[in-house]
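The values are calculated or read from the model by the stated rules, or taken from the named source; none is laboratory data. Not measured: the values here are computed from a predicted model. For neighbour counting, all protein chains shown are included, and Cβ atoms are generated from backbone atoms with ideal geometry for every residue, glycine included.
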């Protein structure tokens, strides 16, 4: 049942070029080695290295936050908060996980705080939809991608924050349950349970949305 939802997710969300999945298997890639070198320099007081760390990871962090909070217009502020927190938190990084796992934990904390606040605030009906049009992409294909992205974001909105986070980290970032557990501060078993329920709820939400809003919508051909 999940496969259809997963295919829609994959078609709507481009792969993350910055994600270092190999590190999850105990290998230290060139990317991870470079990030760890920058971290050591930051820990020694080199703020220029922190700027380089920001430049190397900001797109990854921004995309992750975008899918965690579901509103593009909020990401810039949340990204700033993430790196302000990281500037302090990075002093405690000891290389026990990939650096991106460490960064995702900061993203998760920022996103959770924001989502809890957002639940107490009225929804913004004019929030911008995600723009995911590739250069030179066929207009019809671009419209289909935008619609799929809207469906994905709407389905993610149905998930509670903690379930959304593990789902995004697993499906978007390619993280294992053990890595996610490190990132969110829970046990691997708890992560697996949340992921199982998140998959079911995401698929159910996608099915309901597709029934309520058939592919093509108001832009479909007669």
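Considered as a group, the residues in segment 45-59 that are modelled with pLDDT of 95 or more and out of contact with any helix residue (DSSP H, G or I) (no Cβ under 9 Å at 6 or more places or on another chain) include one that is surrounded by the fewest Cβ atoms within 10 Å (Cβ to Cβ), and that residue is 55.
Which residues, taken from segment 64-99, are in contact (Cβ under 8 Å) with a residue 60 or more places away in the chain and in a helix (DSSP H, G or I)? The answer is 64, 66, 67, 68, 99.
Looking at segment 11-27, which of the residues that are in a loop (DSSP other than H, G, I, E, B) and more than 26 Å from residue 84 (Cα to Cα) is modelled with the lowest pLDDT?
The selected residue is 15.
If you check 167, 202 for being surrounded by 16 or more Cβ atoms within 10 Å (Cβ to Cβ), touching a helix residue (DSSP H, G or I) at 6+ places or on another chain (Cβ under 8 Å) and farther than 30 Å from residue 90 by Cα, only one passes: 202. Answer yes or no: is there a residue in segment 134-145 that is within 19 Å of the chain's Cα centre (by Cα) and either modelled with pLDDT under 60 or over 15 Å from residue 108 (Cβ atoms) (or both). Checked segment 134-145: at least one residue is within 19 Å of the chain's Cα centre (by Cα) and either modelled with pLDDT under 60 or over 15 Å from residue 108 (Cβ atoms) (or both). Residue pairs whose Cβ atoms lie under 6 Å apart, separated by 6 or more positions or on different chains, with the first residue in segment 188-209 and part of a helix (DSSP H, G or I) and the second at pLDDT 90 or above and surrounded by fewer than 19 Cβ atoms within 10 Å (Cβ to Cβ), are 188/178.
Can you spot a residue in segment 163-173 that is within 12 Å of the chain's Cα centre (by Cα) and not in a helix (DSSP H, G or I)? Within segment 163-173 (the criterion being within 12 Å of the chain's Cα centre (by Cα) and not in a helix (DSSP H, G or I)), the answer is yes, since at least one residue qualifies. So for segment 76-92 (the condition being modelled with pLDDT under 90, buried (at least 17 other Cβ atoms within 10 Å of the Cβ) and touching a helix residue (DSSP H, G or I) at 6+ places or on another chain (Cβ under 6 Å)), does at least one residue qualify? No, segment 76-92 contains no residue that is modelled with pLDDT under 90, buried (at least 17 other Cβ atoms within 10 Å of the Cβ) and touching a helix residue (DSSP H, G or I) at 6+ places or on another chain (Cβ under 6 Å).
Answer yes or no as to whether residue 42 is at pLDDT below 85 and in a helix (DSSP H, G or I). No, not satisfied.
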